[in-house]
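Undergrad: I'd like to ask you about the structure that follows.
The values are calculated or read from the model by the stated rules, or taken from the named source; none is laboratory data. In this text the structure is predicted, and so the values were computed from the model without any measurement. Glycine gets a Cβ as well: all are built from the backbone with ideal geometry, and neighbour counts include every protein chain shown.
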Number of protein chains: 2
Amino acid sequence: MSEREDRRRRSDAERNRRRVLEAAAEVFREQGLEAPVGEIAQRAGVGRGTLFRNFPSKADLIAAILVDEMSAAAARARALCERPDAGAALFEFLDDIAGRQRADRALFEAVADSFLANPEIRLAHDEVIAALDELLSAAKAAGAVRADIGAVDVLLLLKGVCEVAGTYGHVDPGLVDRQLDLVRCALSAPAESQPLRGRTLSADELDPRSPPAAHQPSRRRRASV
Amino acid sequence: MSEREDRRRRSDAERNRRRVLEAAAEVFREQGLEAPVGEIAQRAGVGRGTLFRNFPSKADLIAAILVDEMSAAAARARALCERPDAGAALFEFLDDIAGRQRADRALFEAVADSFLANPEIRLAHDEVIAALDELLSAAKAAGAVRADIGAVDVLLLLKGVCEVAGTYGHVDPGLVDRQLDLVRCALSAPAESQPLRGRTLSADELDPRSPPAAHQPSRRRRASV
DNA sequence: ACCTGAACACCGTTCAAGT
DNA sequence: ACCTGAACACCGTTCAAGT
């Protein structure tokens with residue numbers, strides 16, 4: 001409770017931390033994740049040592065940015081849940097994410113590596129899945145989406161499109177829209193016509209460290225439907 | 001024509017080149033593309049200089065492997081064209097590629113970077129597109145696939161699934177099958193129900209260096225239908 | 001407490017010296 | 001001609017020395 005004296009120094013450090021985060025987001029957006037940390041530190045106006053004091057490794061820095069962007073995405077998804085047309089809301093979310101990926105090479109590039117290790121990423125990821133699940137449930141209820149898929153299925157399809165968007169999005173922007181339309185076809189196809197192999201996974205089961213899946217949901221996290 | 005004397009020396013060099021290629025494919029398959037070239041040279045039993053004599057850069061080495069695998073994939077696709085059930089043949093090709101990606105992390109990881117620059121990759125890529133186009137035309141004629149998509153559309157969907165397979169394929173193998181089933185739904189959905197935005201691209205238009213697309217096919221390369 | 005930049009380790013690439 | 005490994009450049013990370 002008595003942290004009055006610390007404030008001054010901490011605020012300096014906190015300011016540096018924020019500067020590094022902003023510079024990193026900027027540099028990664030422009031150059032991709034291979035950009036050297038030296039440039040980030042330079043643009044943030046701090047020494048390299050300060051960068052590593054706040055983020056023990058480059059991967060941690062990337063993860064921190066990813067957490068921010070995932071939380072923001074989850075918030076946007078929750079906002080879309082208010083929309084009257086649930087089907088349109090879901091597809092608008094997919095368009096939204098893919099559009100951002102087109103402007104920011106680094107966005108989904110980061111998803112590949114970091115997931116497993118970082119617990120903060122896990123939390124943000126769960127948040128995204130929960131919001132997407134809500135959107136999806138409403139879209140199913142509205143008859144806009146087939147009943148036999150889950151939020152993880154949708155997220156993986158989206159990841160695929162974003163990966164393509166990162167590679168070819170700058171060649172022809174319409175290409176991403178087209179891929180998304182195809183995903184839409186897959187999601188709205190009648191479930192009876194072509195049953196899917198396997199089953200939808202829970203967010204937990206995507207974590208490689210989790211045991212082979214006991215097949216029983218351990219704790220029900222209900223999305224307010 | 002008079003290359004008798006050279007043969008002896010060349011055969012040594014050629015053997016080294018092949019050893020490097022084999023070692024590289026092995027190492028990349030096991031460790032991904034970030035594996036150090038030093039280990040490749042060591043496993044091939046040559047000095048690092050020899051590796052760089054045959055492949056001016058690590059990217060060139062990766063490209064060489066990719067060309068081999070793409071040519072092989074194109075050959076398999078052409079073989080599938082003989083099948084009586086054209087729809088099944090197309091989807092078997094998709095399963096085949098995705099299955100290989102699951103076993104070899106590096107396979108599609110390489111696609112992202114190298115395409116643009118390397119002309120040999122362009123040739124192999126065109127070969128894949130041509131074979132896929134043939135499979136696709138037959139599947140359309142058989143009524144198994146909608147008429148309004150092209151080979152590039154299919155390839156990009158496949159790339160998306162393979163990207164996911166590379167990241168999560170080891171968590172649950174069935175996940176990849178499921179994603180492929182969803183792609184299948186997208187491909188076999190009736191074209192009338194949900195028209196796609198944009199238009200399908202030609203292989204040339206995927207090349208970022210090619211001009212903004214004159215919209216007129218410069219040279220008709222007919223696939224023997 | 002926090003900051004800094006010199007120093008270290010690692011990896012892709014080059015090249016002088018060998019045969 | 002081709003091979004080799006020492007040497008170089010670059011980048012992530014650490015740490016002794018500053019304030």
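Undergrad: Search region B:33-58 for residues that are in contact (Cβ under 8 Å) with a residue 60 or more places away in the chain and outside the structural domain of B:Gly166 (by TED's automatic domain parsing) and pair each with any residue that is more than 9 Å from DNA strand D (Cβ to nearest atom) and in a helix (DSSP H, G or I) when their beta-carbon atoms are under 6 Å apart and the residues are at least 6 apart or on different chains.
TA: B:Leu33/B:Ala106; B:Leu33/B:Glu109
Undergrad: Next up: Residues in region A:189-209 that are in contact (Cβ under 8 Å) with a residue 12 or more places away in the chain and more than 7 Å from chain B (Cβ to nearest Cβ): how many?
TA: 9
Undergrad: Would you say A:Ala75 is outside the structural domain of A:Ile121 (by TED's automatic domain parsing) and among the aliphatic types (A, V, I, L, M)?
TA: On the way: outside the structural domain of A:Ile121 (by TED's automatic domain parsing): no; among the aliphatic types (A, V, I, L, M): yes.
No; evaluated as a whole, the condition is false for this residue.
Undergrad: Hey, can you tell me all the residues within region B:69-101 that are aliphatic (A, V, I, L, M) and more than 24 Å from B:Val164 (Cα to Cα)?
TA: B:Ala75, B:Ala79, B:Leu80, B:Ala86
Undergrad: Mind telling me which of the residues B:Ala77, B:Ala72, B:Ala64 ends up being aliphatic (A, V, I, L, M), part of a helix (DSSP H, G or I), exposed (fewer than 14 other Cβ atoms within 10 Å of the Cβ) and more than 11 Å from DNA strand C (Cβ to nearest atom)?
TA: B:Ala72
Undergrad: State which residue is nearest to B:Ala110 (Cα to Cα) when the search covers only region B:33-45 and only residues that are assigned to a loop (DSSP other than H, G, I, E, B) and within 13 Å of DNA strand C (Cβ to nearest atom).
TA: Checked region B:33-45; the qualifying residue nearest to B:Ala110 (Cα to Cα) is B:Leu33.
Undergrad: For region A:94-201, please list each of the helices (runs of 4 or more DSSP H) lying entirely inside it that holds at least 3 residues being more than 12 Å from the chain's Cα centre (by Cα).
TA: In region A:94-201, the matching helices (runs of 4 or more DSSP H) lie at A:119-141, A:151-168, A:174-188.
Undergrad: When only residues in region B:76-89 that are more than 14 Å from every other protein chain (Cβ to nearest Cβ) and either more than 26 Å from B:Asp177 (Cβ to Cβ) or touching a residue at least 40 places away in the same chain (Cβ under 8 Å) (or both) count, which is farthest from DNA strand D (Cβ to nearest atom)?
TA: Narrowing region B:76-89 to residues more than 14 Å from every other protein chain (Cβ to nearest Cβ): B:76-86, B:89.
Still in the list and also either more than 26 Å from B:Asp177 (Cβ to Cβ) or touching a residue at least 40 places away in the same chain (Cβ under 8 Å) (or both): B:77-78, B:80-81, B:85-86, B:89.
Working: B:Ala77: 35, B:Arg78: 34, B:Leu80: 38, B:Cys81: 39, B:Asp85: 48, B:Ala86: 47, B:Ala89: 43 Å.
Among them, the one singled out is B:Asp85.
Undergrad: Of all residues in region A:46-60, which are within 11 Å of DNA strand C (Cβ to nearest atom) and surrounded by 15 or more Cβ atoms within 10 Å (Cβ to Cβ)?
TA: Listed by number, the residues that qualify are A:Val46, A:Thr50, A:Leu51, A:Phe52, A:Asn54.
Undergrad: In region B:9-32, what residues are buried (at least 18 other Cβ atoms within 10 Å of the Cβ) and either away from DNA strand D (no atom under 16 Å from the Cβ) or outside any helix (DSSP H, G or I) (or both)?
TA: Matches in region B:9-32: B:Ala25, B:Val27, B:Phe28.
Undergrad: Go through region A:154-167 and give me each residue that's at the interface with another protein chain (Cβ under 7 Å from one of its Cβ atoms) and at pLDDT 85 or above.
TA: A:Leu156, A:Leu157, A:Lys159, A:Gly160, A:Val161, A:Glu163, A:Val164
Undergrad: Can you tell me which condition A:Tyr168 does not meet? The list is (1) touching a Pro at 6+ places or on another chain (Cβ under 9 Å); (2) surrounded by fewer than 22 Cβ atoms within 10 Å (Cβ to Cβ); (3) not small (Gly, Ala, Ser), and all the others hold.
TA: Tallying (1) touching a Pro at 6+ places or on another chain (Cβ under 9 Å); (2) surrounded by fewer than 22 Cβ atoms within 10 Å (Cβ to Cβ); (3) not small (Gly, Ala, Ser), A:Tyr168 fails exactly one: (2).
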